[in-house]
Amino acid sequence: MTTVKSGLIQTKACSSKQENIDKAVSFIEKGVSAGVQVFAMQEVFFSPYFPAEQDNKWFDWAEPVEGRTIKTMRDVAKKHGIVLVVPVFEEAQRGIYYNTTAVIDINGELKGIYRKNHIPHLHGFWEKFYFKPGNLGYPVFDTAYCKIGVYTCYDRHFPEGARLLGLGGAEVVFNPSATVNNLSRYLWELEQPAHAVANMYYVGAINRVGVEQFGPGKYYGSSYFVNPRGEFLAKGSEEQEELVVADLDLDLITEVRKQWQFYRDRRPETYDELAHLLP
């Protein structure tokens, strides 16, 4: 049996980038002592959820992928021999910004990045003010412990990318989020287990907790892992900063795919209209 011990870090962000980074590292170190091999953090983990407002001051928080935050996390990954999934506010070039997640392997190698494809723009979630839509598709990162896909927050409302990650070989898909008590609350535990079932992989969903200075409301935590059958393996509280840990049996993916031949029975030749129909 191939089992990967994975952890989701849910925290309340403050207005200090360094404090947010230090807090994440402290959770990583606690997890390492418990044998956790893969860690994932919440959306733009090193800052408050700044798209709750539209203000040019937040552009100063952006960093290139080669910046100090990713460098720090690469050093942490190498030191402990772990895989890290690290969401940041990326400055790709002057005036060009993305909501980006880096995946770092056990030797500190940057395996690559995912740029959030679906960008919301509604009250309290003014992301189009800051981010361009992703331009890298739906990559899958082959790390030492498992094949990882990333699907960030609002992405989860769109099944097409979730399918592409499965077809690309993802074994675990992480969804870093910043989600508050609003209309999407009941969807939190509905959509992503459905993606896990439809695509027969694990999903790790990460959310913030508490009320932030610039936030659109109260973040309800409840980070969780579900398996390829859509069964919950571990779930965080609604209030506490914590590391949510689960053992992911990768052999279960093969077992489930033998039972449910969803990829065999797909009919992509009948789906052409998906790419051409307009709302």
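The values are calculated or read from the model by the stated rules, or taken from the named source; none is laboratory data. The structure presented is a predicted model; accordingly, all values stated were derived computationally and were not measured. Neighbour counts run over all protein chains shown; Cβ positions are idealised from the backbone, glycine included.
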**Asked** Within the set of pairs 6 or more residues apart or between chains, which connect a residue that is among the acidic types (D, E) inside the stretch 59-79 to a residue that is at pLDDT 95 or above with Cβ atoms less than 8 Å apart?
**Response** E63/T69; E63/I70; E63/V88; E63/F89; E63/E90; E63/E91; D75/G108
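Only one of these is of a type in the set (A, V, I, L, M) and closer than 24 Å to F50 by Cα: L165, L187. Name it.
Working: L165 fails: closer than 24 Å to F50 by Cα.
When all the criteria are applied, what remains is L187.
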**Asked** Of all residues in the stretch 1-49, which are of a type in the set (D, E) and closer than 14 Å to T72 by Cα?
**Response** E19, D22, E29
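If you take the residues in the stretch 144-159 that are part of a helix (DSSP H, G or I) and in contact with a Pro (Cβ under 7 Å, 6 or more places away or on another chain), which one is nearest to G81 (Cα to Cα)?
Of the residues in the stretch 144-159, the ones part of a helix (DSSP H, G or I) are 153-157, 159.
Next, from what is left, pick out any that are in contact with a Pro (Cβ under 7 Å, 6 or more places away or on another chain): 153-154.
Working: C153: 27, Y154: 31 Å.
Among them, the one singled out is C153.
From V203, V211, which residue is buried (at least 18 other Cβ atoms within 10 Å of the Cβ) and either in contact with a Lys or Arg (Cβ under 7 Å, 6 or more places away or on another chain) or on the phi < 0 side of the Ramachandran plot (or both)?
Details: V211 fails: buried (at least 18 other Cβ atoms within 10 Å of the Cβ).
Going through V203, V211 in turn, just one is buried (at least 18 other Cβ atoms within 10 Å of the Cβ) and either in contact with a Lys or Arg (Cβ under 7 Å, 6 or more places away or on another chain) or on the phi < 0 side of the Ramachandran plot (or both): V203.
Test A162 against the criterion of being part of a helix (DSSP H, G or I), buried (at least 23 other Cβ atoms within 10 Å of the Cβ) and of a type outside the set (F, W, Y), and give yes or no.
On the way: part of a helix (DSSP H, G or I): yes; buried (at least 23 other Cβ atoms within 10 Å of the Cβ): yes; of a type outside the set (F, W, Y): yes.
Taking the combined requirement at face value, the residue satisfies it.
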**Fill in**
Selection over the stretch 33-51 where residues are touching a residue at least 12 places away in the same chain (Cβ under 8 Å) and surrounded by fewer than 20 Cβ atoms within 10 Å (Cβ to Cβ) yields a count of 2
**Message:** Let me spell it out: the conditions are (1) surrounded by fewer than 24 Cβ atoms within 10 Å (Cβ to Cβ); (2) farther than 21 Å from F46 by Cβ, and F225 meets all of them except one. Which number is the exception?
**Reply:** (1)
**Request:** Scan the stretch 141-159 residue by residue and report those that are surrounded by 21 or more Cβ atoms within 10 Å (Cβ to Cβ), free of Cβ contacts under 8 Å to residues at least 60 places away in the same chain and touching an Asp or Glu at 6+ places or on another chain (Cβ under 9 Å).
**Result:** F141, G149, Y154, R156
**Asked** How many of the residues making up the stretch 108-124 are at pLDDT 95 or above, more than 17 Å from the chain's Cα centre (by Cα) and within 23 Å of G215 (Cβ to Cβ)?
**Response** 1
**Item:** Matching residues, the stretch 87-109, being part of a strand (DSSP E or B) and of a type in the set (V, I, T)
**Value:** V88, I96, T100, T101, V103, I104
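Please go through the stretch 239-278 and give me each residue that is assigned to a helix (DSSP H, G or I) and either in contact with a strand residue (DSSP E or B) (Cβ under 8 Å, 6 or more places away or on another chain) or hydrophobic (A, V, I, L, M, F, W, C) (or both), ordered by number. First the steps, then the outcome.
Step one: of the stretch 239-278, the residues assigned to a helix (DSSP H, G or I) are 251-259, 268-270, 272-275.
L252, I253, V256, L274, A275, listed by residue number.
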**Prompt:** Counting only residues that are within 18 Å of the chain's Cα centre (by Cα), closer than 20 Å to P51 by Cβ and assigned to a strand (DSSP E or B), how many does the stretch 207-238 have?
**Reply:** 3
**Complete:** Going through (1) assigned to a strand (DSSP E or B); (2) under 20 Å from E189 (Cβ atoms) one by one, F141 fails only at (2)
